[in-house]
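Values quoted throughout were computed directly from the atomic coordinates according to the rules given, and no laboratory measurement underlies them. Since the structure is predicted, the reported quantities are computational estimates derived from the model, not experimental observations. Because the Cβ atoms are built from the backbone with ideal geometry, glycine has one as well, and the counts that use them run over all protein chains shown.
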Amino acid sequence: MYGYSGKILHIDLTERKTWVESKPEAWYKLYIGGVSMATRLCWENIEVGCDPLDPGNPICMAAGVFAGTPVAVGGKYGLASKSPLTGFIGDSLSGSWTSVALKRTGWDGIVVHGASEEWVNVFVDDDKVEFRNADHLLGMTTTETEETICEELADDQVRSATIGPAGENLARIANVSNDGRKAGRTGHGAVWGSKKLKALSLRGTHNVEVADPDTLLALAYDIQQASQGPHTQKYRILGTSSNVLNMNRLGLLPTRNYQEGVFEDAELVSGEYLHEHYKAKTIACAQCPIACEQVGHVKEGPYEGAMGHIEYESLYALAPNCGLNHFPAVIQAITNCNEFGLDTMSTGVTISWALECYERGIFTKEDFKCAKYPEGFEANFGSNEAVVTLTEMIANREGYMGDLLAEGTRRASAKVDQERGTETYQWAMNIKGLEAPGYDARTLKTFALGLAAGTRGACHNRTAAYDPDIKGQVDRFSVDETRGGLAKSTEEYAAVYDTLPLCKFIRRCFTGKADRAGAWPAIAKLINATTGWDFGYDEVDLIGERAHTIKKAFNIREGWTREDDHLPYRWQHDKMKVGPSAGYVVTDEELEYLKDIYYEAKGWTKEGLIPKEKLIALGMDDVAEEIGV
Amino acid sequence: MPTISTSKYQYITCDPNKCVGCQLCEYICSYTKTGVFNTYRSRIRTVRAHKILMTAVACRTCEDAPCVIACPRSALTQDAVTGIIHIDASRCDGCAWCIEACDFGAISINPETKLAEICDQCEDEEEGPQCVKWCPKEALELTTPDRRAQRSRRKLAIEEVLGQ
């Protein structure tokens with residue numbers, strides 16, 4: 001086999017033992033890598049029905065097909081566990097040197113079982129596994145942890161995926177971090193913390209063997225050349241932060257906890273403003289020639305020294321959505337999230353819920369007591385200090401508010417509503433427990449369906465259904481019978497990229513259009529040169545459908561029902577007052593209709609379950625046996 | 001304290017302002033020189049010294065190269081015209097004295113052969129150094145210190161006089 005070793009490494013933290021599992025080539029052809037393989041490993045290794053923070057929930061890491069080769073943007077890995085936020089599949093991706101180190105250890109995937117009694121740093125040194133005490137790493141930021149481990153092992157080429165204090169404290173919105181990039185969403189940090197796994201370090205020195213290296217190199221060169229052209233210009237110059245003004249124009253920029261879609265100070269927290277005033281450097285993920293990551297740096301004032309990775313998703317969540325217009329404070333809040341190991345999106349959206357609760361009189365100043373402010377503090381939208389302080393409190397579960405918000409919006413609002421008889425769930429912006437992304441779905445109706453049906457909750461990366469809405473391919477303000485097929489098509493399109501994985505920012509570099517027709521044949525060539533397989537358009541297309549299906553199957557086995565495909569209350573009931581999105585909601589009738597036509601397009605039952613024959617046709621016979629109907 | 005040599009020869013330089021840390025140069029070097037994808041086999045090495053400091057280092061073709069002097073088995077020789085250091089694999093025994101002698105950390109031991117390896121600017125390749133060809137940000141360049149200095153002066157002049 002080329003491109004794979006055929007071996008999965010299992011590590012049991014409870015028993016401190018390891019074993020190797022061999023997988024046949026046919027298994028790889030079905031699940032490929034990235035989120036698909038990671039989810040499949042989770043399907044095979046989880047104790048069904050377990051609490052996400054119990055030892056029965058495995059950490060499943062899957063390599064990328066192209067990691068360790070010069071194929072542009074292929075330096076990513078997939079990470080899957082049952083999500084402590086959603087109770088369903090938590091599948092994340094991270095562009096990182098961890099992916100390359102993993103590939104070169106010779107393991108196609110790593111499954112971490114059980115839970116350690118003491119804090120541990122697991123070091124996978126090619127074929128050897130070492131359990132290293134991690135007590136001295138506790139409390140360290142993600143960057144400090146990585147650097148300390150390199151020092152201890154006397155090798156800068158050791159790559160570590162780590163959790164920060166937030167993960168140690170089981171914040172459900174904590175993430176896993178590696179060389180500045182994150183497996184960001186669905187709360188992986190808490191799963192790692194529950195196992196007392198502070199860091200997973202990797203040193204891989206093996207060659208990455210591919211079937212036809214000369215062909216792969218030639219293909220990779222062409223893609224790299226194209227990646228410096230007009231199709232990635234947006235990413236290369238301003239990065240994803242260029243979306244701030246675009247979304248603001250469209251009335252889609254989440255503002256003050258999604259109460260509005262237009263932020264009056266958007267200019268001040270835009271990618272353009274960042275570029276002009278606070279950009280320190282543009283950097284790249286592993287083996288990425290595009291380089292979209294903008295590092296923001298504050299050089300003076302109360303937030304002097306803050307240096308964080310500024311993405312659109314971090315910006316919308318912590319700036320307009322929290323009412324902040326002071327860029328240095330936003331950079332500080334993002335830096336805190338980066339270093340403490342918090343998902344910027346879930347953190348920002350959870351904080352914005354708390355600010356709204358404060359403004360509506362549910363919370364008082366006293367609810368915000370902490371060491372820094374023993375009397376508590378005012379927590380209005382637009383308060384720089386409130387937002388920055390709350391990121392610290394959440395990471396440390398400090399005080400009433402830190403402990404509450406570390407649970408994410410769904411649990412926090414449920415707790416408050418139960419204790420105080422309030423209805424704050426109406427402002428809790430999540431789907432299945434995962435906080436909403438930076439595109440208001442009240443006037444993106446195809447996207448609303450994609451999010452509602454999303455297997456990991458409100459994630460813009462797993463459904464790309466905003467594309468037809470924003471491009472004007474459909475009327476984004478209304479629904480029609482095409483949306484079911486579009487939601488299916490876009491989520492499976494995204495799943496191909498998430499499975500290989502290739503960063504989606506390369507998607508226009510094959511033919512200039514972000515569609516299947518140009519990309520799939522080109523991607524098939526890359527796969528074939530790497531693996532020696534004979535993939536064509538259809539096989540590539542099936543990668544996405546299978547990836548999505550295994551995630552859905554996982555959820556069904558964990559108890560998913562049609563009611564779980566929901567939208568946040570606000571998107572269904574509260575109308576914006578200003579901007580292009582004013583006056584719209586997604587009605588119950590619309591949502592149920594959209595779900596009907598989506599399940600139908602997927603070939604599922606009206607209840608959203610998967611027929612046995614559908615699974616068998618996809619080659620997933622064992623899945624059919626367990627959850628097929 | 002050894003004196004750091006300067007070079008009249010060309011060598012591969014990296015502009016840290018342009019380098020984004022993608023490490024593609026290492027992949028290409030490894031493949032060009034050894035036929036495998038393994039950045040441990042690369043003769044150009046990327047450095048991530050800080051969140052925003054990344055660069056790459058290859059042989060700087062020092063004059064009177066300390067690595068050549070240090071080699072106890074005379075395995076290293078320097079081309080008088082190009083300044084490129086050649087390593088005679090039949091003489092090298094992997095003792096690593098050359099690595100210790102190099103102020104730039106530009107020599108490494110091949111983990112498989114256990115012998116020293118160093119950048120030869122792809123002198124056998126028609127297109128020249130492959131890392132330079134592949135660098136997506138044009139951060140890498142085959143040039144001389146003098147040429148770099150000329151460019152710095154020019155840049156300074158433009159900035160100071162024209163304010164650009």
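Annotations
- If only the Cβ of Lys and Arg carry +1 and only the Cβ of Asp and Glu carry -1, the dipole of the stretch A:478-629 around its Cα centre is close to 760 debye.
- Of A:17/A:196; A:7/A:82; A:103/A:281, those spanning more than 21 Å from alpha-carbon to alpha-carbon: A:7/A:82; A:103/A:281
- Placing unit charges on the Cβ atoms of the charged side chains and taking the dipole of chain A about its Cα centre, the candidate lying farthest along the positive direction among A:229, A:429, A:408 is A:229.
- Binning the alpha carbon pair distances of the stretch A:518-558 at 5 angstrom intervals from zero yields the distribution 6, 24, 22, 17, 12, 10, 8, 2, expressed in whole percent.
- Excluding same-chain neighbours fewer than eight residues apart, the aspartates and glutamates reachable from residue A:76 by a Cα-Cα span under 14 Å are A:91, A:108, A:179, A:498.
- Helical contribution to [θ] at 222 nm, DSSP H n ≥ 4, -39,500 (n - 2.57), averaged over chain A, rounded to 500: -12000 deg cm²/dmol
- Where labels lie 7 Å past Cα in the beta-carbon direction, separation of residue A:539 and residue A:50 in nm: 3.4 nm
- Direction-averaged projected area, Cα convex hull, the stretch A:7-203: 9.7 nm², rounded to one decimal.
- Diffusion of the stretch A:253-329 by Stokes-Einstein, at 4 °C in a medium of 1.567 mPa s and with Rh set to the Kirkwood radius over alpha-carbon pairs, works out to 99 µm²/s.
- Placing a pseudo-label 7 Å from each Cα along the Cα-to-Cβ vector at residue B:70 and residue A:14 gives an inter-label distance of 5.2 nm.
- Helix B:24-34 axis, angle to chain B major axis (alpha carbon atoms, nearest 10°): 30 degrees
- Cα long-axis angle, helix B:145-157 against chain B (0 to 90 degrees, to the nearest 10): 20 degrees
- Each label was represented as a point 7 Å from its Cα along the Cα-to-Cβ direction; for residue A:605 and residue A:118 these points are 5.2 nm apart.
- Volume of the convex hull of the stretch A:1-45 (Cα atoms only), normalised per residue: 80 Å³.
- Pairs of Lys in the stretch B:1-134 closer than 17 Å at Cα, counting only those 8 or more apart or on different chains: 4
- Charge tally in the Cβ shell below 12 Å around residue A:526, where Lys, Arg are +1 and Asp, Glu are -1, residue A:526 excluded: -1
- With loop membership from DSSP and a limit of 15 other Cβ atoms within 10 Å, the longest segment of chain A without GluC sites (Glu not before Pro) is A:119-263.
- The stretch B:88-136, Cα convex hull volume normalised per residue, Å³: 108 Å³
- Proportion of all alpha-carbon pairs of the protein assembly as shown beyond 36 Å (%): 44 percent
- Extension reserve of the residue A:582-residue A:561 stretch, reckoned as 0.36 nm per residue once the Cα distance is removed: 4.4 nm
- The convex hull around the C-alpha trace of the stretch A:344-465, projected and averaged over every direction, spans 7.5 square nanometres.
- Gain in span if fully extended, residue A:277 to residue A:612, counting 0.36 nm per residue against the direct Cα distance: 114.9 nm
- For the stretch B:11-162, dividing the convex hull volume of the Cα atoms by the residue count gives 132 Å³ per residue.
- For the pair residue B:93 and residue B:15, a Förster radius of 30 Å applied to the C-beta separation gives a FRET efficiency near 0.25, rounded to the nearest 0.05.
- The Cys residues in chain B with no partner Cys Cβ within less than 4.7 Å of their Cβ are B:14, B:19, B:22, B:29, B:62, B:71, B:92, B:95, B:102, B:122, B:135.
- A Förster radius of 51 Å combined with the Cβ-Cβ distance from residue B:123 to residue A:299 puts the calculated FRET efficiency at roughly 0.70.
- Once the mean of 1/r is taken over each pair of separate Cα atoms and inverted, the stretch A:233-429 shows a Kirkwood hydrodynamic radius of 16.8 Å.
- The calculated FRET efficiency for the pair residue B:152 and residue B:104, based on their C-beta separation and a Förster distance of 25 Å, comes to about 0.80.
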